[in-house]
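The values are calculated or read from the model by the stated rules, or taken from the named source; none is laboratory data. A quick note: this is a predicted structure, and the numbers were derived from the prediction, not measured. Using ideal geometry, Cβ is built from the backbone for each residue, glycine included, and neighbour counts are taken over all protein chains shown.
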Amino acid sequence: MEPAILGAGLAAGKLRISADEMRRAWGHLRPRGLATKSACAWDEDAATLAVEASARALEASGADPEEIGLVAVATSGHEAASAVVAEALGLRYARLLDVGGRRTAGLAALVAAFDSARAVERPMLAVAVDVPRAAPGDPAEQAEGAGAAAFVVGPGAGARLAAAGSAAREVLGGRILDAAGVARSPDLDDVPHGLFEDALAVLGPLPPIDALVASPVGTTLPGPGGKPLAARHTLESAERRLGDLGAAQAPFDLALALADAEPGHRLVAAARDAGAVTIVHLEAVTRAAVAGVKAVADGGRPASVHQALMERGAFAAGAAIPEEPLGAYIPPATYTRDLPARYRLEASRCGACGRLAYPPPAACPACGGRAFARERLAGRAVVETFTVIGRGGSPGEFAPEQAFAGEYPVAVVRFEEGPRVTARLADVETGRIAIGLEVEPALRRLYRQQGAWRYGLKFVPTS
Amino acid sequence: MRPARPQRSCREAGSTVRMRRVAIVGSGMSAFGARAETPRELFTEAVHEALGSVDRGLALGDVEEAWVGSLGFGGAQLGNLGAYLVEQAGGPSIPARRVENACASSGFAVRDAYLAVASGAVDVALAGGLEKMTDLTPVHQRYWLGVSGDTAWERLAGATFPGVYAMIARRHMHEYGTTREHLASVAVKNHAHGAKNPKAQFRREITLEKALSAPTVAAPLTVLDCCSTTDGGSAMILASEARARALTDTPVWIEASAAATDHLALHDRASLTTLAATERAGRAAFERAGLGPRDVHVAEVHDCFTIAEILAMEDLGFAKKGEGGPLVASGATRLGNDLVVNASGGLKAKGHPLGATGAAQVHELFLQLRGAAGPRQRAGAEVGLAHNVGGSGATCAVHVLRRG
């Protein structure tokens, strides 16, 4: 069976920086047409955005997580986020593929998912994600946004891949990462002459197309008669509101186009960087399920340039706060053993008395039984009580966070299945928190120790 | 008030075992605060004061066995700490061990020593506690505070002890209408009492306005709803009835010792507004003593946070559920009343050197029941209760004492 995009999901960093704020901070604004851009909050990174978009894509597709055969995560950096995505979503039997270093990587991951799904009739997951990387003061940082797009590709109805074409040439010094691992957008001149033509030749003849997305935004593709390739509908790239999403830009805009596409529509998405071009041609056979469009459009909290950089941990002052354990310490191995509960809300159902317990106990609190069946909580929960930990008052593990992000709320939440847990609240103004607030889980960064981020679930107001 | 029973059965050891009466014949504590002395000096200070308070004198060499409560804050001498402190105090041959139950460590040390003497295994025992908290930098303190709750889930959710008690307070306010003023009235009372205690860390009164306007630590708790980090040591001598009669004419009898534990994590407990460990230990202690809340003249309760004293009032039976706040705010538990709560200043004003606190509470009762508490004396005090909690309610030891 010909594979198709069964579902797609979007996510964006939770900070929004306005063009006016950027002009105020910088004295000028280089990217033209930018209204706002997104950036990661303290508890976000490429992995959490990839998880957020993937969870939405998976739900939209209806695919069984344990059937997913491939997790391909593309960024312009070098995070290996695929393992976090697989653990968080319970993709227990997936092959992990981390694709990095190029703006074209996002579309390349999507093509890889189609190739895999053609070879094995199982659903595959392709994710493209990028986050701001340039140093404070680097004008390149102005353009960079934080966002992710994920696609579940597999047998079924959706958007099929009519054709894909790529072309590559070595360009000296043209790698998209600089020495510090910072993404650079090469100038158009860096794309060797004829590369688009080569890729389009591989793609084959195009019918009239309904939607065209290209990354970087503003890129034109050579069309018939020496004119730029054109589409029936002009789409506004998400770049205007979220900033340049790097490797995720073309996949993100493609997902937005899919959300609007009528059955039979033809879509073309292209991405380029120095020495590489990838173009895909999709046919929307049926309406595609795309989740997260509204959440991304409506979400986010206003932030200053300075606040966003602080929450990114971009300032060296953070180094003065130790990340090494100085007392209470949970070794990574111990932490890892709890990941099914920490990432996926796996609770324990007692085989003897049926009591559901979370976090998982060693013995059933009701009857002492030790035989449990694993059962995932749905995640719907209510705040039973809460506090706000004042600046400077956190456990040591959260001291670096407090130095940059200040006070934070903690709550005891009760799941609709009965058990309770203590957890951080996120994406909510403290004034809005009240006993009875309905919340749902979101995987976020918690704290960093011994050079590694530890992730876990926070709770956010129910969407 | 019913008369004391001379002997009673010990539930822990089986109802058929006859237990001996146990008295406290001497007790001491170091001054609490940010102390310049080393841990061994602070503990020795308490031990020597305890020995010196025995009417007819006692040498450390007469002590048969020792129990020392400590969390081991900072980790410097985490192993063999009990033996270390006792040998440094001058008793290198005394069998000793560290008892660790967080902030209830020395409440349990007193209980363990009590059980040893009551059982007949030991005639003279030392129980005490020690914590040195202020030598650590604030950065290190943030790692060593909050190690006694549920670390895997509560702590890694960013919750501190003030945070957990703040969540209890928030829920208590929600369910029972407890107010910030009720909370603050605990701090005002205990600071007023602490001002009369020369060994208290904070010997100054505070106003309700000041307590209410203090900086927030974990909403709704302000810094004046929280106890401080403190250095201090405490120690006492427990003796069998026969030895007690030989050592002093004014023994203080341990009428009952009881303890209970509960889930470490607040989210695992049946109620967010009751410390079940306090309820169970309190009920057992009153039952064993043959007494009730109305019989108590002086109570030292575990007020690590203001809400904790309100919980203690309710869970020990001094007030109905939800009425602990109004009770304290009414002034009915201040000095000058029938029941005086935390005459020492409590953890709030006297200070809270974690492992030393439980025995220090019993020390205050020792003074009160011997009429030796000076300006904070509850006149005619005959029955006292000490209530020591570990973590946010995971462990609890309750002792009921009576003037000899």
### Task
State which residue is farthest from the chain's Cα centre (by Cα) when the search covers only the range A:5-33 and only residues that are in a strand (DSSP E or B) and surrounded by fewer than 24 Cβ atoms within 10 Å (Cβ to Cβ).
A:SER18
### Task
Could you please give the count of residues in the range A:319-339 that are more than 9 Å from chain B (Cβ to nearest Cβ), touching a residue at least 40 places away in the same chain (Cβ under 8 Å) and under 14 Å from B:TRP153 (Cβ atoms)?
1
## Note on the structure
Within the range B:251-264, restricting to residues that are aliphatic (A, V, I, L, M), under 23 Å from B:ILE307 (Cα atoms) and touching a helix residue (DSSP H, G or I) at 6+ places or on another chain (Cβ under 9 Å), the one that is farthest from the other protein chains (Cβ to nearest Cβ) is B:ALA258
### the range B:170-181: number of residues that are more than 7 Å from chain A (Cβ to nearest Cβ), surrounded by fewer than 24 Cβ atoms within 10 Å (Cβ to Cβ) and in a helix (DSSP H, G or I)
5
#### Entry: strands (runs of 3 or more DSSP E) (entirely within the range A:357-463) containing at least 1 residues that are surrounded by fewer than 21 Cβ atoms within 10 Å (Cβ to Cβ) and within 12 Å of chain B (Cβ to nearest Cβ)
A:381-389, A:408-415, A:438-449, A:452-461
### Task
For the range B:53-62, state whether one or more residues are of a type in the set (S, T, N, Q), surrounded by 14 or more Cβ atoms within 10 Å (Cβ to Cβ) and at pLDDT 95 or above.
yes
### Message
Looking for something part of a strand (DSSP E or B), crowded, with 21+ Cβ neighbours inside 10 Å and more than 14 Å from chain A (Cβ to nearest Cβ) - is there at least one such residue anywhere in the range B:273-284?
### Response
no
### Message
Which of the numbered conditions does A:ARG342 fail, given that it passes all the others? Conditions: (1) outside any helix (DSSP H, G or I); (2) within 14 Å of another protein chain (Cβ to nearest Cβ).
### Response
(1)
### Query
Right, A:THR36: among the polar types (S, T, N, Q) and surrounded by fewer than 24 Cβ atoms within 10 Å (Cβ to Cβ) or not?
yes
### Summary
Considering the range B:152-169, residues that are within 7 Å of chain A (Cβ to nearest Cβ) and hydrophobic (A, V, I, L, M, F, W, C), and then whichever is nearest to the chain's Cα centre (by Cα), we arrive at B:ALA166
### Query
How many of the residues making up the range B:121-151 are at the interface with chain A (Cβ under 7 Å from one of its Cβ atoms) and part of a helix (DSSP H, G or I)?
5
### Message
Taking the condition of being in contact (Cβ under 8 Å) with a residue 24 or more places away in the chain and in a helix (DSSP H, G or I), how many residues in the range A:255-309 meet it?
### Response
15
### Message
Go through the range B:223-260 and report how many residues are hydroxyl-bearing (Ser, Thr, Tyr) and buried (at least 24 other Cβ atoms within 10 Å of the Cβ).
### Response
3
### Message
Pairs please, first residue from the range B:241-258 and under 29 Å from B:ALA281 (Cα atoms) and of a type in the set (S, T, N, Q), second anywhere and modelled with pLDDT under 95 and surrounded by fewer than 23 Cβ atoms within 10 Å (Cβ to Cβ), Cβ atoms under 7 Å, 6+ apart in sequence or on different chains.
### Response
B:THR250/B:GLY404
### Query
With (1) β-branched (Val, Ile, Thr); (2) within 30 Å of B:TYR114 (Cβ to Cβ); (3) facing another protein chain (nearest Cβ under 8 Å); (4) surrounded by 22 or more Cβ atoms within 10 Å (Cβ to Cβ) as the list, and B:VAL186 as the residue in question, which single condition is left unmet?
(3)
### Query
Which one is surrounded by the fewest Cβ atoms within 10 Å (Cβ to Cβ), of the residues in the range B:194-221 that are in contact (Cβ under 8 Å) with a residue 12 or more places away in the chain and within 14 Å of chain A (Cβ to nearest Cβ)?
B:PRO220
#### Entry: Residue in the range A:204-223 that is farther than 16 Å from A:LEU267 by Cα, in a loop (DSSP other than H, G, I, E, B), modelled with pLDDT of 90 or more and out of contact with any Lys or Arg (no Cβ under 9 Å at 6 or more places or on another chain) present
no
### Query
Just to be sure, is B:ALA59 closer than 27 Å to B:GLY120 by Cα and out of contact with any Gly (no Cβ under 8 Å at 6 or more places or on another chain)?
yes
### Summary
Subset of the range A:220-241, residues over 24 Å from the mean Cα position of the chain (by Cα) and of a type in the set (Ser, Thr, Tyr), comes to A:THR220, A:THR234
